[in-house]
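S.K.: Below you will find the structure I want to go over with you.
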Amino acid sequence: MGDARHPEMEHRLDGYSDALRDAGIPFDANLIIPTDFSRSDGYMKTDHIILDPTFKCDAIFAVSDNIALGVMKRLAEAEVKVPEEIAIVGFDDNPLAVFATPGITTVRQDIRLGGKLLVRNLIDIIDGKTVGHVAMPVEVIVRESCGNA
């Protein structure tokens, strides 16, 4: 999880818990590892997963591809094979995601549409209108890191 002060993190966490509920899987707050959005923090926080014998998982969903890149570097150093031993999914479809080894499965947002919606909301605010939450459409880009390319 990224910085909880960012509203999009709350929405991503809500989406995560909703998906777990829909799949009949209980939410476990201990599986949420706060990070900033940097590769270095993703790298460092991966030690929590690989060095703690009580922490077991078979997949990591990183809230950004930058975090996923750091996670994958640390896993490679620890000789943990992606995706054979642990699957990785990122978010944003950063151009570097396709060049990672293996390529990072990711969630892509339409950034241009996001910009349009943002400007539209700003105009509405300037005009004194109330602006509500706008859900951005997303697309899952499947690459090798999830083990299902």
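The values are calculated or read from the model by the stated rules, or taken from the named source; none is laboratory data. Model, not experiment: these values are computed from the prediction. A quick note on method: Cβ atoms are made from the backbone with ideal geometry, for glycine too, and the neighbour counts reach across all protein chains shown.
S.K.: Of all residues in the stretch 3-21 being of a type in the set (Asp, Glu) and at pLDDT 80 or above, which is nearest to ILE33 (Cα to Cα)?
M.R.: If we take residues in the stretch 3-21 being of a type in the set (Asp, Glu) and at pLDDT 80 or above, then ASP14 is nearest to ILE33 (Cα to Cα).
S.K.: Hey, GLU77 hits all of (1) modelled with pLDDT under 90; (2) charged (D, E, K, R); (3) more than 14 Å from the chain's Cα centre (by Cα); (4) more than 20 Å from VAL142 (Cα to Cα) but one; which does it fall short on?
M.R.: All conditions pass for GLU77, except number (1).
S.K.: Still on this model: Given the residues ILE32, ILE60, which is the only one that is at pLDDT 80 or above and surrounded by fewer than 18 Cβ atoms within 10 Å (Cβ to Cβ)?
M.R.: The match here is ILE32.
S.K.: Test of understanding: among GLY115, GLY42, which residue is surrounded by fewer than 16 Cβ atoms within 10 Å (Cβ to Cβ), closer than 22 Å to GLU10 by Cα and of a type outside the set (D, E, K, R)?
M.R.: Values: GLY42 fails: surrounded by fewer than 16 Cβ atoms within 10 Å (Cβ to Cβ).
Matching residue, one of GLY115, GLY42: GLY115.
S.K.: Please specify each residue of the stretch 80-106 satisfying the condition of being more than 17 Å from VAL138 (Cα to Cα) and within 13 Å of the chain's Cα centre (by Cα).
M.R.: Answer for the stretch 80-106, where residues must be more than 17 Å from VAL138 (Cα to Cα) and within 13 Å of the chain's Cα centre (by Cα): ALA87, ILE88.
S.K.: Anything in the stretch 47-61 that is charged (D, E, K, R) and not in a loop (DSSP other than H, G, I, E, B)? List them, or say none.
M.R.: ASP47
S.K.: Hey, could you check the stretch 70-100 for residues that are touching a residue at least 24 places away in the same chain (Cβ under 8 Å) and of a type in the set (Lys, Arg) and say which is surrounded by the fewest Cβ atoms within 10 Å (Cβ to Cβ)?
M.R.: My answer is LYS73.
S.K.: Return the residues of the stretch 120-140 that are touching a helix residue (DSSP H, G or I) at 6+ places or on another chain (Cβ under 8 Å) and either part of a helix (DSSP H, G or I) or surrounded by 11 or more Cβ atoms within 10 Å (Cβ to Cβ) (or both); say none if nothing qualifies.
M.R.: Result: VAL131, VAL134, MET136.
S.K.: Give the residue, chosen from ILE67, ILE50, ILE104, that is more than 30 Å from GLY132 (Cα to Cα), crowded, with 16+ Cβ neighbours inside 10 Å and in contact with a helix residue (DSSP H, G or I) (Cβ under 6 Å, 6 or more places away or on another chain). Please lay out each step first, then the result.
M.R.: Values: ILE67 fails: more than 30 Å from GLY132 (Cα to Cα); ILE50 fails: in contact with a helix residue (DSSP H, G or I) (Cβ under 6 Å, 6 or more places away or on another chain).
Exactly one residue qualifies, and that residue is ILE104.
S.K.: When the residues of the stretch 35-57 are filtered to those that are closer than 21 Å to GLY103 by Cβ and among the aromatic types (Phe, Trp, Tyr), which remaining residue is modelled with the lowest pLDDT?
M.R.: Checked the stretch 35-57; the qualifying residue modelled with the lowest pLDDT is PHE37.
S.K.: Let me ask you something else. Here are the criteria: (1) within 16 Å of the chain's Cα centre (by Cα); (2) at pLDDT below 85; (3) assigned to a helix (DSSP H, G or I). Tell me which single one LEU69 does not satisfy.
M.R.: (2)
S.K.: If you check LYS116 against the conditions, is it farther than 22 Å from THR35 by Cα and not in a helix (DSSP H, G or I)? Show your work before the answer.
M.R.: Working: farther than 22 Å from THR35 by Cα: yes; not in a helix (DSSP H, G or I): no.
So LYS116 fails the test.
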